[in-house]
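Below is one structure, written out as structure tokens, with a few remarks after it.
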Amino acid sequence: MLHRLEIENFYSIRDRQIIDLRADANAPNDAGRLAPLWKGAVEKAPKVVALFGANASGKSNVLKALSFIAWFLRDSFSAQRGSRMPFDRFNDEAMLLAPTRLAVDVVGPSDIARLDDPAGEQCRYSYEVVLAGGAQPRVERESLHYRPLHAIRMSRLFERDARGAVEASKPFGLKKGVSQALETILRPDASVIATLAQLEHPLCKAIWREAQFVESNILQEKQDGSEDFAAKYYLANPKLMEMFNNEIARFDLGIKGVRVVQGHNGAAAEFIHSNLHVPMPIAYESHGTRQFMKMYPSLWRVLENGGLAIMDELDSAIHPMLLPEILRWFHDPVRNPHNAQLWMSCQNATLLEDLTKEEVLFCKKDARGRTEIYGLRDIKSVRRTDNYYKQYLGGAYGAVPQIG
């Protein structure tokens, strides 16, 4: 579970912003909204994180930071050499030349020698990457630390410097032959983890596999978001098709079911409506229904396997009455047995009525275009019985549009 994110000099986020999701010890766990950071941990974090704020306040840039980290861990080695990294810095003269820094705290195995033990104890991992300023970004620093259970402090697993030299601790298990190969193939625009995963380094391969379960509709998408691609995916995954039909029928949209047929031009979705004689092609369906069909596989994969769903403007594609139902999927321990997380940006403030303090973040931008990020729980005197929707629209929390 991801429970801390740091962002600095990334799009509209100029100055260092820290998002710490760890809930207060006395925070009530209403309806399973919070999950232990790992099995047996006292600390908890929310399974849903919703970002609110005015247009262009930086909500999407928070999600881009998460997506970029996943891309860097997963895909940077396979990216074309010399291609542009998928990010931008804050747009002022000083920051265009300054480094960009991103860091996350997540959960991983406490005993690195037992990576394949699903029942093994877990602990906190901290990953950081710093990208040097200038026209051609390169890695200035990269590191991975962890804190095994019962340890007093974080311990280094590896550190990489601006020259590309990598120093690793004994638990990291960087054998001499692999270390020599790493020196040969490590590029200044690729991560150590993505590179060592190709060399079958056990821990890096495990991290690389976990990064496959980050599903995002922003920055670098892992897959084509077209309806044709979605139809092919449903056709190849009958269980997914069955689950989608169960959901679409429950939502009472007048749709009895969906089927995917193989035609002359490839796979195509057809919608079976009540009281209509023949199935309707997807082109005749509403924008929301079409978007939901494309988005559902990502949510399904994350809920099935654990991981992170990063959804920009999720509420723009889903009816306001259906969105709380999607949130309940993540709260439900049966539907979400691996404590997958949903991070999303929102424009529809009515969703605040369905969220707790721990699940709400706000973004606001100052007169110089700098984004500030803070949580609802960071605001003094906010009570759990408050009507967050009315308070937010009334300006009590900030991060609302200023008109006039």
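Considering only Leu149, Ile185, Phe213, the residue lying farthest towards the positive end of the dipole of segment 144-268 is Leu149, judged by Cα position with unit charges set on Cβ. Principal-axis analysis of the Cα atoms of the chain puts helix 287-305 at an angle of about 50° to the longest axis.
Restricting the chymotrypsin sites (Phe, Trp or Tyr not before Pro) of segment 116-199 to loop positions (DSSP other than H, G, I, E, B) with no more than 10 neighbouring Cβ atoms within 10 Å leaves nothing.
Restricting segment 1-101 to trypsin sites (Lys or Arg not before Pro) that sit in a DSSP loop and have at most 13 other Cβ atoms within 10 Å of their own Cβ leaves Arg16, Lys39, Arg81, Arg84.
What the Cβ-Cβ distance of Tyr284 and Asn246 gives, at R0 = 25 Å and to the nearest 0.05, is a FRET efficiency of 0.65. For segment 205-338, count all C-alpha to C-alpha pairs, find those more than 17 Å apart, and express that count as a whole percent of the total. Pairs farther apart than 17 Å: 61 percent. Would segment 294-364 count as rounded, prolate or oblate if I go by the C-alpha gyration tensor, calling it rounded below 1.5 in a/c and otherwise prolate when a/b exceeds b/c, oblate otherwise? Verdict is prolate for segment 294-364. For the chain, what percent of Cα pairs sit more than 42 Å apart? Here the long-distance tail beyond 42 Å is 15 percent of all Cα pairs in the chain. Based on DSSP H segments of at least four residues, each scored -39500 (n - 2.57), the chain has a per-residue ellipticity at 222 nm of -8000 deg cm²/dmol. Normalised by the number of residues in segment 63-125, the average gap of Cα pairs under 8 Å and 6 or more apart makes the relative contact order 23 percent.
Once the convex hull of all Cα atoms in segment 1-86 is built, its volume per residue stands at 136 Å³.
Working from Cα pairs under 8 Å separated by at least six residues, relative contact order for the chain is 20 percent. Taking a threshold of 25 Å on the Cα-Cα distance, which of the pairs Lys205/Lys357; Lys39/Lys380; Lys232/Lys256; Lys64/Lys365; Lys44/Lys175 fall above it? With Cα atoms farther than 25 Å apart: Lys205/Lys357; Lys39/Lys380; Lys44/Lys175.
Could you tell me the center-to-center distance, by alpha carbons, between segment 82-130 and segment 362-399 in angstrom? Segment 82-130 and segment 362-399 have Cα centres spaced 27 Å from each other.
Any read-out appearing in this document is the output of simple, stated calculations on the displayed coordinates, not a laboratory observation. This structure is a prediction, so every number in the text was calculated from the model and none was measured. All Cβ positions, glycine included, derive from the backbone under ideal geometry; neighbour counts span all protein chains shown.
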